[in-house]
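Chemist: Here's a structure for you.
Readers should treat all values here as calculations from the given coordinates under stated rules, not as data from a laboratory. Because the structure is predicted, anything quoted here is derived from the model rather than measured. Glycine gets a Cβ as well: all are built from the backbone with ideal geometry, and neighbour counts include every protein chain shown.
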Amino acid sequence: MKHQVIDVLVIIYDKKLEDSKTLQTLTNNTFLDFNLTIVNNGPNLIKDDEPFFIDISRRVRGTKLINRVENAPLSKLYNEFILNNKNSDYYIIFDDDSDVSPDFMHIVSLQEADILLPRIYSVDDNQYYYPIQDGIVINESTKVDPGTIMSISSGLVLKKKLVDYFNIIYNGEIFDERFALYGIDTSFFLRLHKLSNRNKIHAACISTIKHSLSRVSSVKSEFRTLERLYDAAITARHYPHFLTKRKFAHIISYYIYKLQFKYVFVLLLYFIKGKHPRVQ
């Protein structure tokens, strides 16, 4: 069997490397024959002479630490990671606070599917939330339909063949760079659905990742509210088959009813602009 080149991306934001649950659990996996790229997305610089980075560099096949302290859009970072590792067979994406099961990387190394999706278990309320197929949460390892599946990007595994399919249709933009935070996952899977109509794609659900999900957390903030509004507006603009004009109008009506006119303005403005304010 051909040796599989596996490249892993972990994006860190506003924390030290040693405080990342993802890095702690990922580098304690039973299988460590992979290349690890760590992108520090700000706000403080991280140096590659820190003891924790030196330690994990000794464990895995190869490491890179990239500082992007400007808080770059995640979609852009995902695409750059894939573009900069053209010789890889598999690409894996993580955020910084996922609890990766000890056998996750070993399971990935044995797979041949074009896209692998871990079961996402919420530590907030002890329930599985993803992947979702036809409205049903999948909580076991099984094959899934790439034409209907939805999930989140943390733990997402993409085979080179699938990346090549995306490149043909979307000109190298696997992840929609009009989104910066929320909406990246949804738009990716909507593109996958479209792609599966043209190509035979093998998809599977594997292993488990424990995660704190923003949709479950009871903590609300102005930042999170605005990010969800950007997501809704941009999705309605570019993926109207998913978020229809009627649904978008309903969202606008809700904020009019609540007399929150600044949110109505945000929805209309970014529907017109069609991209996140951090996207150049």
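Chemist: Which of 5, 137 has the fewest other C-beta atoms within 10 Å, and how do the rest follow up to the most?
Modeler: Listed from fewest to most nearby Cβ atoms, that is 137, 5.
Chemist: A follow-up question, please. Calculate the FRET efficiency for residue 61 and residue 260 from the Cβ-Cβ distance with a Förster distance of 45 Å, rounded to the nearest 0.05.
Modeler: 0.35
Chemist: If you take the beta carbon distance between residue 28 and residue 87 as r and set R0 to 22 Å, what does 1/(1 + (r/R0)^6) give as a FRET efficiency, to the nearest 0.05?
Modeler: Step by step, r from the Cβ atoms, then E = 0.25.
Chemist: Once label points are set 7 Å from the Cα along Cα→Cβ at both residue 225 and residue 45, what is their separation, rounded to one decimal in nm?
Modeler: 3.8 nm
Chemist: Using Cα positions and a limit of under 18 Å, work out the lysines in reach of residue 200, with same-chain residues fewer than 8 apart set aside.
Modeler: Hits, sequence-local ones excluded: 143, 159, 160, 161.
Chemist: Shifting gears a bit: Between 118, 73, 240, where does the largest GNM mean-square fluctuation fall for the chain, given springs only between Cα atoms within less than 10 Å?
Modeler: Comparing 118, 73, 240 in the GNM, the peak value goes to 240.
Chemist: Quick query: amide H of residue 183 versus all other amide H atoms, modeled in the peptide plane; which residues come in under 5 Å with a sequence gap of 5 or more or a different chain?
Modeler: Those qualifying (amide H under 5 Å, at least 5 residues apart or on another chain) number zero.
Chemist: How would 255, 91 line up from fewest to most surrounding beta-carbon atoms within 10 angstrom?
Modeler: Neighbour counts put them in this order, fewest first: 255, 91.
Chemist: Under a cut-off of 16 Å between alpha-carbon atoms, report the lysines in cross-link reach of residue 16, not counting same-chain residues fewer than 8 places apart.
Modeler: Once the sequence-local lysines are set aside, what remains near residue 16 is 47, 64.
Chemist: Distance between the C-alpha centers of the stretch 157-192 and the stretch 203-280? Whole Å please.
Modeler: Result: 19 Å between the Cα centres.
Chemist: If the cut-off is a Cα-Cα distance under 18 Å, which aspartates and glutamates reach residue 76, setting aside same-chain residues fewer than 8 apart in sequence?
Modeler: 7, 95, 96, 164, 173, 176, 177, 185, 227, 231
Chemist: Tell me the label-point distance for the pair residue 278, residue 14, using the 7 Å Cα-to-Cβ offset, in nm and rounded to one decimal.
Modeler: Rounded to a tenth, the inter-label distance reads 1.0 nm.
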